[in-house]
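A quick write-up on the structure given underneath.
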């Protein structure tokens, strides 16, 4: 099985290809200011070419459903919807927080990915990670202090939210808090390929139109609309 995953929920454009669980190629590029739209298709074309593959060779399409950048999430989902529909191939979506937790397999401690959600909030969850992440606390958006007060056991933190709230985490957990190195703090599309394959084998795929984002909170446009109503 050849799996292709697109990750644009963070401030990056990331794509990975795996064949039967083995990494074929992966690319990650910073995309500040919502540049994923401009970068994604050229990166995909180059990655396929460098791997001597065509889009028709892909058996399973996957993307990060969020949480993360609303614009980035929509970019990745729309791309995978179009590719899966055009190629008549299955597609699935995976959590960007679970992707991040996959950077620390078999660590033996609770893993807490944190993404900066702005507005003094974080997107976060709590996982036990062996081969794949098992959610202890499901993906949520919350104030960091509200989440941290429920943690008491040794926990490894990673992600840009963990970097931003480093001091607050240490204040709450002291020696029970440890932090992954910064190079492990970005969601990896290669990890999402693995998650997507497991999800596909266990639960099956969805139709492209059923590939839905995980925002966890309303967008600014929706909030403005509700206020006007």
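Throughout, read-outs are computed from the coordinates displayed, never taken from laboratory work. What you are looking at is a predicted structure, and each value in this text was computed from that prediction instead of being measured. Positions of Cβ are generated from backbone atoms using ideal geometry, with glycine treated the same way; all protein chains shown enter the neighbour counts.
Observations, loosely collected:
- With respect to the chain, whose longest principal axis is taken over its alpha-carbon atoms, helix 189-203 is tilted by about 80°.
- Alpha-carbon centroids, the range 184-219 and the range 92-133: separation in whole Å: 13 Å
- One entry in (i) 0.93; (ii) 1.11; (iii) 1.01 is Cα Rg over 2.2 N^0.38 Å calculated from the shown coordinates; its label is (iii).
- Remark: C-alpha extents of the range 104-184 on the principal axes read 34, 26, 25 Å, sorted largest to smallest.
- Sequence ranges 175-184, 126-135, ranked by mean other-Cβ count within 10 angstrom, highest first: 126-135, 175-184
- Helix-only CD estimate at 222 nm, as mean residue ellipticity for the chain, using -39500 (n - 2.57) per DSSP H run (n ≥ 4): -10500 deg cm²/dmol
- Residues 165, 123, ranked from the fewest to the most other C-beta atoms within 10 Å, line up as 165, 123.
- Angle of helix 70-87 to the longest C-alpha principal axis of the chain, folded into 0 to 90 degrees and rounded to 10: 30°.
- Mean-square fluctuations from a GNM of the chain, with a 10 angstrom spring cutoff on Cα atoms, peak among 83, 201, 28 at 201.
- Annotation: peptides 62-75, 14-27, ranked by per-residue average of other Cβ atoms within 10 Å with the highest first, follow the order 62-75, 14-27.
- Percent of beta bridges antiparallel (DSSP, the chain, rounded to nearest 5): 65 percent
- Kirkwood estimate for the range 20-106, i.e. one over the average of 1/r between Cα atoms, Å: 14.2 Å
- Antiparallel DSSP beta bridges within the range 1-92, percent to nearest 5: 70 percent
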